[in-house]
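Student: Below you'll find the structure I mean.
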Amino acid sequence: MKNVWIAIATCFCSLQLTAQSPKVYSIDARVADIPVYSNHLKLGGKNPAGDSIGVNNYYLSMNNKPVVPVAGEFHYSRYPRQYWDESLKKMKAGGINIIATYVFWNLHEENEGKFEWTADKDLRYFIELVKQNHLHAIVRVGPFAHGEMRNGGFPDWLLGKALTPRSNDAAYLAFVERFYQQIGQQLQGLYFKDGGPVIGIQIENEYQHSAAPWGLSYPGQPYDMTAAERDLSATQEGVGVAQEPNPYAQLGNDHMKILKALAMKAGMNTPLYTATGWGNAAIIPNESIPVTAGYAYPFWTPKRDYSPFFLYKNIHQQPDYSPVRYKPQDYPAFAAELGSGIMSVYSRRPIAVHQSFDAMINRCLGSGANGLGYYMYHGGSTPKGQHGFMSDETYGLPKISYDFQAPIGEYGQVREGFHRLKLVHFFLQHFGDRLAPMTTVLPVNAAALKPDNVSDLRFVIRVKDGSGFLFVNNFQDDTTMPDQRQVQIKMESSKGLLTIPENGGFDLLSGENAIFPFHFNLNGSLLHYATAQLLMQSNDAQQPYVVFFKPKGIQGEFSFATGVQVTAISGVAIDKNKKRVLVKCTNTIGEFSVTAAGKKTRVLVIDKSLALQSYIINRGSKKWLIFSDAVVLQSDTGITMLSDGKNNFELSIYPKNSDVPKPGIGSLEKMPESASFSHYRIKLPAMEYLVVSRAISQKKTVVELPQQWPGQVNDVILTMDYTGDTGMGFVDGELVTDEFYKGIPWQVGLRKFMLASEKPKEMVFYFRPMYKNASYLVDLQPYPQSIPDFGNNKNYLKVNHILLTTQYKVNLKF
């Protein structure tokens, strides 16, 4: 028996030692830089202040400094103009610096010759707000847009004209020119060349790649697509791979050139022109940036499947949805439609996991993308037209809802994806100039990896002159990745062999991703590597600081060159030897300073959970970080905080702040300070709303709407938790909101319905039951709690509960 126990103990020790041994991955970073050239491109420009935008074959630049721009799609016409400014501030708080928006032809010229540019269709006012918020804009002028709009944005009357749409038909181009002239008038004086925010124009959309069905069709009829007849054989539904080249490709390129000429004739002269270049779509060679896309949860495919968009590749050599019509090496890899969310159609209801959002961005950046764009970043509601609904009903979309499961929802709800993405956006704002020129280097096994391989580590580096960033990703859609335990990277670079970390390994938990710097110049101090991700840096020359965050499950350590003086402040341990100075984090928050060549820099290291609550605030020439559960928006006069369901909430400011903020309503309590933070608690008058409802039938429920809206109330969110097929909401008999069930509680922001002079008293909800054989149940299978027990019944419907949540608002001035 004794020998058995010895054998068991020996086996246990052996297993323990094996578990502690790192799994080593190797990569050779000794590669040549990407050749950078720009003489072939007719892009770029200056504004009256002397600011410049440049484009080469690898990246964009602002004032000759490399940048990685971040664009977010937000359709002004799908959101009430009263709240545009708030939404733009939300997008800016999330790290977006370019607002992309469609100009839908059928919304502005629903009746031939009668253009509408007022109320929620006021493009000019929207772009003026973009300027006031110090953002840029890319305006997507069509004439074809898609965007899940009826006819893809074409007016119904266009079908009845003696012309061929999306072709060089003179009659068609005459209507396009008239439309462009209208847009040009709305944007007059707002272009970058005039000191305005409009830096780019997108011409057409997915031209000679995809189309939308005409809304004038019959139930059960095969789709009649909005494409020139010559292109129908090469036209597909949605974004995808197009293997067969279009025999009319040259005519397509010529058409794009004509559209650009018409846009410029209308005054749309900008530094950038873009064209959706995926899947053999047409571009304007050397005169437009062919932007790319990536949708992990498409609704236009017949079933769920693994996406390739979480595997690293060299996207500058092989764009997603290849083959493409252009030479990729001649253009920067700018992703304009990264699926941060997705729409539902009646038959397919993919659920966009928000953890996928930053995982896809990590993969795109590691793969060489030098521009990001999200479709959608901000959801909305498709307005009803004078003659019917304007959404793409033929495809089976909701009649009104365009929520898109986006980072910011249909009613302005700030969601998990918003917080996850902003961490990458902050990194790009502060370190994008270093990343942009870096070359992508793949490990030897990258080419053989398939999306269903959940065991091998997914990693890549980008490097220039021996310095760079290590990207790791452990997310894949429609499956669960196992934890990657004890990962160690051995890297050969022009600066020698580097092991990350030097001893043991780091754990990359399931669903997580990270970006680690190596051979990084931290304000004069050489950082060999860090197993923490850069968040931001100050622009304070007197007291500079840099902030990192530790990905979930990673302790965080920093290896500095021996010439760097490191001083612990709190929550870290320091170990020195002849080769390096090693800093290990011992607490959730750590802080230390580094000094080299007479430059001293503070380094703050926080957990990812705290980083997700961070916002960057500019006050004068200095930057502060604010941490709060509430959403923090900055204006020229102070900050606004929005808190869902909590009238008491806290905020912390780093570095410590001597100016106590003053709330416009309620009270502010100064809490005990920590070594480097100021802490405050805000208390607002409580305003709770009780749900008053009555059931008319199993399918129909009436909810009384709040009538009191005191100053501290920004919105009231109605949550309708039901299990069924579809839901519709009516005010005074008019359909104002709808939703396709996905197992996610349906949220409706009520403030937009209170704009009428006489506030509506109630909202009537009508539900349809779910059927056992519903085609969309395939999308709910990963979430069995969302599929009811039908028992012996053929259908199921239940309203589980109704909730009203107050969104509080307070303005703070310093």
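Student: Would you check which residues across the stretch 754-772 are within 12 Å of Leu718 (Cβ to Cβ) and either crowded, with 18+ Cβ neighbours inside 10 Å or β-branched (Val, Ile, Thr) (or both) and list them?
Tutor: Scanning the stretch 754-772 gives Met763, Phe765.
Student: Pull up the stretch 156-166, narrow it to residues that are more than 30 Å from Gly371 (Cα to Cα) and in contact (Cβ under 8 Å) with a residue 12 or more places away in the chain, then point me to the one that is least open to solvent (accessible area, probe 1.4 Å).
Tutor: Leu158
Student: For the stretch 366-379, state whether one or more residues are of a type in the set (A, V, I, L, M, F, W, C), in contact with a helix residue (DSSP H, G or I) (Cβ under 7 Å, 6 or more places away or on another chain) and not in a loop (DSSP other than H, G, I, E, B).
Tutor: Yes, the stretch 366-379 has at least one match.
Student: Another question, if that's okay. Take the residues of the stretch 432-444 that are out of contact with any strand residue (DSSP E or B) (no Cβ under 6 Å at 6 or more places or on another chain) and in a helix (DSSP H, G or I): which is farthest from Tyr25 (Cα to Cα)?
Tutor: Arg434
Student: Determine which member of the set Phe299, Phe309 is in contact (Cβ under 8 Å) with a residue 24 or more places away in the chain, touching a strand residue (DSSP E or B) at 6+ places or on another chain (Cβ under 6 Å) and hydrophobic (A, V, I, L, M, F, W, C).
Tutor: Phe309
Student: State yes or no: is Gly645 touching a residue at least 24 places away in the same chain (Cβ under 8 Å), among the small types (Gly, Ala, Ser) and open to solvent by less than 10 Å² (accessible area, probe 1.4 Å)?
Tutor: For Gly645, the condition - touching a residue at least 24 places away in the same chain (Cβ under 8 Å), among the small types (Gly, Ala, Ser) and open to solvent by less than 10 Å² (accessible area, probe 1.4 Å) - is not met.
Student: What helices (runs of 4 or more DSSP H) lie completely within the stretch 60-155 and have 3 or more residues being buried (at least 19 other Cβ atoms within 10 Å of the Cβ), of a type outside the set (Asp, Glu) and in contact with a strand residue (DSSP E or B) (Cβ under 6 Å, 6 or more places away or on another chain)?
Tutor: So the answer is 84-93.
Student: Where the second residue is of a type in the set (S, T, N, Q) and open to solvent by 20 Å² or more (accessible area, probe 1.4 Å) and the first is closer than 17 Å to Tyr545 by Cα and part of a loop (DSSP other than H, G, I, E, B) and lies in the stretch 557-583, which pairs have Cβ atoms under 8 Å and are six or more apart or on separate chains?
Tutor: Val564/Thr595; Gly571/Thr586; Gly571/Asn587; Gly571/Thr588
Student: Same structure, new question: If I ask for residues that are crowded, with 18+ Cβ neighbours inside 10 Å, in contact (Cβ under 8 Å) with a residue 60 or more places away in the chain, within 18 Å of Tyr783 (Cα to Cα) and out of contact with any Ser or Thr (no Cβ under 6 Å at 6 or more places or on another chain), which ones from the stretch 727-753 would you list?
Tutor: Selection gives Tyr741, Lys742.
Student: Could you give me the residue pairs with C-beta distances under 9 Å whose first residue belongs to the stretch 657-686 and is among the hydrophobic types (A, V, I, L, M, F, W, C), whose second residue is loosely packed, with under 13 Cβ neighbours inside 10 Å wherever it lies, and which are 6+ apart or on separate chains?
Tutor: Val660/Lys670; Ile665/Pro710; Leu668/Val660; Leu668/Lys662; Ile682/Ser667; Ile682/Glu669; Leu684/Ser667
Student: Of the residues that sit in the stretch 176-223 and are in contact with an Asp or Glu (Cβ under 9 Å, 6 or more places away or on another chain) and not in a loop (DSSP other than H, G, I, E, B), which one is nearest to Trp105 (Cα to Cα)?
Tutor: Phe179
Student: Any residue at all in the stretch 341-358 that is in contact with a strand residue (DSSP E or B) (Cβ under 7 Å, 6 or more places away or on another chain), part of a loop (DSSP other than H, G, I, E, B), more than 26 Å from Leu777 (Cα to Cα) and at pLDDT 95 or above?
Tutor: Within the stretch 341-358, not a single residue is in contact with a strand residue (DSSP E or B) (Cβ under 7 Å, 6 or more places away or on another chain), part of a loop (DSSP other than H, G, I, E, B), more than 26 Å from Leu777 (Cα to Cα) and at pLDDT 95 or above.
Student: I need the full set of residues from the stretch 235-263 which are open to solvent by less than 30 Å² (accessible area, probe 1.4 Å) and assigned to a helix (DSSP H, G or I), in order please.
Tutor: Once the filter is applied, which keeps residues that are open to solvent by less than 30 Å² (accessible area, probe 1.4 Å) and assigned to a helix (DSSP H, G or I), the stretch 235-263 yields Ala249, Gly252, Asn253, His255, Met256, Leu259, Lys260, Leu262, Ala263.
Student: On the given criteria, is Val487 more than 22 Å from the chain's Cα centre (by Cα), in a loop (DSSP other than H, G, I, E, B), over 30 Å from Thr382 (Cα atoms) and β-branched (Val, Ile, Thr)?
Tutor: So Val487 does not fit the description; no.
Student: Given the criterion acidic (Asp, Glu), modelled with pLDDT under 95 and in contact with a Lys or Arg (Cβ under 8 Å, 6 or more places away or on another chain), identify the matching residue among Asp607, Asp540, Asp636.
Tutor: Answer to the check: Asp540.
Student: I've got another one for you. Here's a check for you: in the stretch 486-519, which residue that is under 12 Å from Ile27 (Cβ atoms) and of a type in the set (A, V, I, L, M) is most open to solvent (accessible area, probe 1.4 Å)? Walk me through it before giving the result.
Tutor: Here is the first cut: in the stretch 486-519, the ones under 12 Å from Ile27 (Cβ atoms) are 488-493, 497-500, 518.
From the residues that got through so far, the ones that are of a type in the set (A, V, I, L, M) too are 489, 491, 497-498, 500.
Numbers: Ile489: 0, Met491: 1, Leu497: 110, Leu498: 15, Ile500: 1 Å².
Only one residue fits best here, namely Leu497.
The values are calculated or read from the model by the stated rules, or taken from the named source; none is laboratory data. Just so you know, these numbers come straight off a predicted model, no measurement behind them. With ideal geometry, Cβ positions are generated from the backbone for all residues, glycine too; neighbour counts draw on all protein chains shown. The area values use the complete protein model at the heavy-atom level, side chains included, leaving out ligands, DNA and RNA. Shrake-Rupley method; radii C 1.70, N 1.55, O 1.52, S 1.80 Å.
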